[in-house]
Amino acid sequence: MEPIRRNSVPKASTLPDFVLRQFDQHSPQNDHRQLYSILQGGIRQSVLAAGTKLPPTRVLAQALGIARNTVVHVYEQLALEGYVQAGVGRGTYVAAIGPRLVDRSAAQPPSAGARTALLSRRGSQLVRDSKAAPLQWGAFTPGVPEVRMFPSQVWSRLQARMLRQHTPDQLTYATGPGDAGLRQAVSEYLQGTRGVVCSPEQVVITSGTQQSLHLVAQLLSDVGDTAWLEDPGYWGARSVFRAHGLQLEPVAVDAEGMAPTPEQLRQPPRLMFVSPSHQYPVGALMGHGRRQQLLDYAAVHSVWVVEDDYDSEFRYGTRPLPALQGLDAHGRVVYLGTFSKTLFPALRIAYLVLPPDLVDGFARALNELFREGQTLQQAVLARFLAEGHYASHIRRMRGVYSTRHDALIQAIQQEFGSQLPVIGGDAGLHLVLGLPPQVDDAAVAQAALRAGVTTRPLSLYYLRQPAPTKGLLLGYGAVREEEIGPSFAKLAQVVRGFL
Ligand SMILES: Cc1ncc(COP(=O)(O)O)c(C=O)c1O
């Protein structure tokens with residue numbers, strides 16, 4: 001390997017000139033910063049070669065008209081960083097940096113157009129297929145709860161108390177599976193409301209379902225394994241599994257959720273991702289029979305069933321079916337829950353309920369990969385649950401969402417009568433407005449955005465393309481009742497242009 005060639009070397013006597021030419025007494029930079037970067041730049045670019053003697057600090061200070069101390073400090077800093085060497089009474093010399101490993105001229109900065117080429121194959125695929133919405137607020141952004149009604153006064157009271165009483169382990173790196181009080185409160189809540197069968201020890205706290213999915217992929221699958229995904233389904237799970245090198249197998253969704261074909265059943269996957277209590281995004285409710293079939297299949301073929309129970313707190317009229325996890329007699333279900341929909345997404349607190357044998361591995365991986373924190377917030381949330389604030393907030397929000405849900409259904413009927421179907425409209429925070437198959441729902445969503453209304457096209461949730469069903473996801477959780485009619489009227493005008 002050829003060492004790089006050095007440029008012309010100024011003699012010791014010419015060094016003040018080299019600095020003087022560049023030093024600007026009117027520069028907004030302070031003297032220290034300016035002198036340091038001139039000398040450091042000269043050394044790095046080999047204009048000041050190894051062995052060059054720097055002028056005495058007094059001489060240089062005088063030549064530049066700056067304080068001698070400034071020059072002394074700059075020399076000291078350069079010495080500390082290895083650019084110069086100084087010996088008492090011997091003067092200060094440019095140090096030898098050593099030959100470079102490659103010819104710098106070969107390293108060209110990438111052109112702006114070639115930026116994606118910087119990413120790895122899987123990185124480019126992740127970016128190319130990314131579905132995360134640029135807007136997370138406003139009518140009718142799906143997946144967002146009414147964060148303006150979050151009881152922040154109660155929360156800040158609990159938080160202030162927690163801050164006064166905290167222990168050192170709540171402020172250092174988190175270890176283990178999360179705050180013990182929160183794990184206890186979550187397990188009690190899930191047993192009481194969701195029919196989940198678990199002890200507090202089976203609960204691992206994460207910073208969101210997204211993170212739970214990363215752990216699932218990392219710990220329960222290997223690159224090249226197959227994952228069954230509901231199609232249409234949650235794109236967030238799709239992106240995480242793909243990023244971990246899993247082969248994605250889209251499984252069609254019928255009126256009861258995931259419905260594998262006989263051919264698919266002949267090739268068991270490593271894991272399946274399901275939302276049986278409120279299929280995302282079309283709202284199907286998986287009945288008891290289908291649940292049992294999937295669990296039996298999982299037990300026989302050692303398949304992990306990843307159950308995403310993201311919003312079952314909110315059903316209007318019907319009671320939710322208990323979680324699939326509660327029926328699992330063989331320890332094959334990993335249950336995922338989140339506080340993003342019941343409280344607010346930026347809280348970033350969620351949980352996994354795991355078969356007992358998996359807990360230790362997940363907790364270790366959580367600490368190893370993510371160095372999870374939020375310990376103090378977890379403790380606040382634990383009190384929030386234990387003191388009953390969580391249950392009352394959910395009760396209150398159920399009423400609010402039910403009213404908004406009815407208002408949206410009414411607006412749809414007013415604008416379209418029965419011309420367009422409403423899909424999955426009896427639970428959660430969104431519904432799907434069906435569109436005829438020939439309509440380009442992505443184009444409708446774009447036109448709606450230009451008109452000031454946010455929606456997401458149903459086709460975006462399909463792995464299979466072209467998407468077999470078209471529609472628009474409309475979130476009503478974060479839209480005030482009085483805004484729903486006028487916003488939907490705007491949307492209806494856009495939609496009519498495509499019918
Ligand atoms: C189907 C589904 N699962 C889970 C989540 C929650 O994810 P997180 O806990 O990372 O906010 C969402 C959020 O949009 C979702 O749509």
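The values are calculated or read from the model by the stated rules, or taken from the named source; none is laboratory data. Keep in mind that this is a model prediction, so the values were computed, not measured. A quick note on method: Cβ atoms are made from the backbone with ideal geometry, for glycine too, and the neighbour counts reach across all protein chains shown. Remember, those area values only see protein heavy atoms, side chains included, never the ligands or the DNA or RNA. Shrake-Rupley method; radii C 1.70, N 1.55, O 1.52, S 1.80 Å.
Does residue 192 satisfy being more than 16 Å from the ligand (Cβ to nearest atom) and not in a helix (DSSP H, G or I)?
No, not satisfied.
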Residues that are under 30 Å from the mean Cα position of the chain (by Cα) and not in a helix (DSSP H, G or I), drawn from segment 398-420: none
Search result, residues across segment 449-485 that are in contact with a Ser or Thr (Cβ under 7 Å, 6 or more places away or on another chain), over 30 Å from residue 249 (Cα atoms) and assigned to a helix (DSSP H, G or I): 481
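In contact with a Cys (Cβ under 8 Å, 6 or more places away or on another chain) and either at pLDDT below 95 or surrounded by fewer than 20 Cβ atoms within 10 Å (Cβ to Cβ) (or both): which single residue out of 191, 218, 210 fits that description? Break it down into steps so the answer makes sense when it comes.
On the way: 218 fails: in contact with a Cys (Cβ under 8 Å, 6 or more places away or on another chain); 210 fails: in contact with a Cys (Cβ under 8 Å, 6 or more places away or on another chain).
Every option except 191 fails the conditions.
Name the residue, out of 402, 459, that is surrounded by 14 or more Cβ atoms within 10 Å (Cβ to Cβ), in contact with a Lys or Arg (Cβ under 8 Å, 6 or more places away or on another chain) and polar (S, T, N, Q). Spell out the reasoning first.
Working: 402 fails: in contact with a Lys or Arg (Cβ under 8 Å, 6 or more places away or on another chain).
Criteria check complete, one pass: 459.
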Matching option when the condition is on the phi < 0 side of the Ramachandran plot, open to solvent by less than 60 Å² (accessible area, probe 1.4 Å), away from the ligand (no atom under 16 Å from the Cβ) and among the charged types (D, E, K, R), among 169, 179: 179
Condition met for residue 396 (touching a Lys or Arg at 6+ places or on another chain (Cβ under 8 Å) and modelled with pLDDT of 95 or more): no
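Looking at 197, 127 in this structure, which one is free of Cβ contacts under 8 Å to residues at least 60 places away in the same chain, away from the ligand (no atom under 16 Å from the Cβ) and within 30 Å of residue 219 (Cα to Cα)?
Values: 197 fails: free of Cβ contacts under 8 Å to residues at least 60 places away in the same chain.
Sole residue among the options that is free of Cβ contacts under 8 Å to residues at least 60 places away in the same chain, away from the ligand (no atom under 16 Å from the Cβ) and within 30 Å of residue 219 (Cα to Cα): 127.
Mind listing whichever residues of segment 380-398 are open to solvent by 20 Å² or more (accessible area, probe 1.4 Å) and of a type in the set (A, V, I, L, M)?
Here is the first cut: in segment 380-398, the residues open to solvent by 20 Å² or more (accessible area, probe 1.4 Å) are 383, 385-389, 391-392, 395-396, 398.
Those that are open to solvent by 20 Å² or more (accessible area, probe 1.4 Å) and of a type in the set (A, V, I, L, M): 385, 386, 391.
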Counted residues, segment 221-262 - those being open to solvent by less than 10 Å² (accessible area, probe 1.4 Å) and assigned to a helix (DSSP H, G or I): 4
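Here is a yes/no grid of residues against (1) in the same structural domain as residue 465 (by TED's automatic domain parsing); (2) in contact with a Pro (Cβ under 7 Å, 6 or more places away or on another chain); (3) of a type in the set (A, V, I, L, M):
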{"site": "255", "(1), (2), (3)": "no, no, yes"}
{"site": "272", "(1), (2), (3)": "no, no, yes"}
{"site": "275", "(1), (2), (3)": "no, no, no"}
{"site": "282", "(1), (2), (3)": "no, yes, yes"}
Segment 176-194 residues that are within 18 Å of residue 326 (Cβ to Cβ), paired with ones that are of a type in the set (S, T, N, Q) (beta carbon under 6 Å, 6 or more apart): none
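State all residues of segment 342-371 that are assigned to a loop (DSSP other than H, G, I, E, B) and within 14 Å of the ligand (Cβ to nearest atom); if no residue qualifies, say none. Give the steps one after another, and end with the answer.
The initial filter retains those residues of segment 342-371 that are assigned to a loop (DSSP other than H, G, I, E, B), namely 342-344, 348-349, 354-355, 371.
Within segment 342-371, 342, 343, 344, 348, 349 meet the criteria.
Of all residues in segment 271-290, how many are over 24 Å from the mean Cα position of the chain (by Cα) and closer than 30 Å to residue 457 by Cβ?
Within segment 271-290, the subset over 24 Å from the mean Cα position of the chain (by Cα) is 284-290.
Still in the list and also closer than 30 Å to residue 457 by Cβ: 284-287, 290.
Of the residues in that region, 5 qualify.
Return the residue satisfying two criteria in turn: it lies in segment 329-338 and is free of Cβ contacts under 8 Å to residues at least 60 places away in the same chain and not hydrophobic (A, V, I, L, M, F, W, C), and of such residues it is farthest from the ligand (Cβ to nearest atom). Please lay out each step first, then the result.
Going through segment 329-338, the residues free of Cβ contacts under 8 Å to residues at least 60 places away in the same chain turn out to be 329-333.
From what is left, the residues that are not hydrophobic (A, V, I, L, M, F, W, C) are 330-332.
Details: 330: 24, 331: 23, 332: 20 Å.
Checking each candidate, the answer is 330.
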Qualifying residue in segment 210-220 (condition: more than 19 Å from the chain's Cα centre (by Cα) and in contact (Cβ under 8 Å) with a residue 40 or more places away in the chain): yes
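Of all the residues that make up segment 208-231, how many are of a type in the set (D, E, K, R) and near the ligand (Cβ under 10 Å from one of its atoms)? Don't jump to the end; show me each part of the working.
To start, the set of residues in segment 208-231 that are of a type in the set (D, E, K, R) comprises 222, 225, 230-231.
Those left that are additionally near the ligand (Cβ under 10 Å from one of its atoms): 230.
Adding up the residues that qualify gives 1.
Results for (1) in a loop (DSSP other than H, G, I, E, B); (2) touching a helix residue (DSSP H, G or I) at 6+ places or on another chain (Cβ under 9 Å); (3) within 16 Å of the ligand (Cβ to nearest atom), shown as yes or no for each residue.
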position	(1), (2), (3)
264	no, no, no
272	no, yes, yes
279	yes, no, yes
283	yes, no, yes
294	no, yes, no
306	no, yes, yes
325	no, yes, yes
340	yes, yes, yes
Matching option when the condition is among the acidic types (Asp, Glu) and closer than 30 Å to residue 402 by Cβ, among 249, 307: 307
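Tell me, which residue of segment 318-360 that is farther than 20 Å from residue 293 by Cα and of a type in the set (Ser, Thr, Tyr) is surrounded by the fewest Cβ atoms within 10 Å (Cβ to Cβ)? Break it down stepwise before answering.
We begin by selecting, within segment 318-360, every residue farther than 20 Å from residue 293 by Cα; these are 318-319, 336-354, 356-360.
If we keep only those that are of a type in the set (Ser, Thr, Tyr) too, we end up with 318, 338, 340, 342, 351.
Details: 318: 9, 338: 22, 340: 21, 342: 18, 351: 25.
That would be 318.
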Qualifying residue in segment 232-248 (condition: within 16 Å of the ligand (Cβ to nearest atom), over 19 Å from the mean Cα position of the chain (by Cα) and without any contact (Cβ under 8 Å) to a residue 24 or more places away in the chain): no
Qualifying residue in segment 421-439 (condition: at pLDDT 95 or above, surrounded by 21 or more Cβ atoms within 10 Å (Cβ to Cβ) and part of a helix (DSSP H, G or I)): no
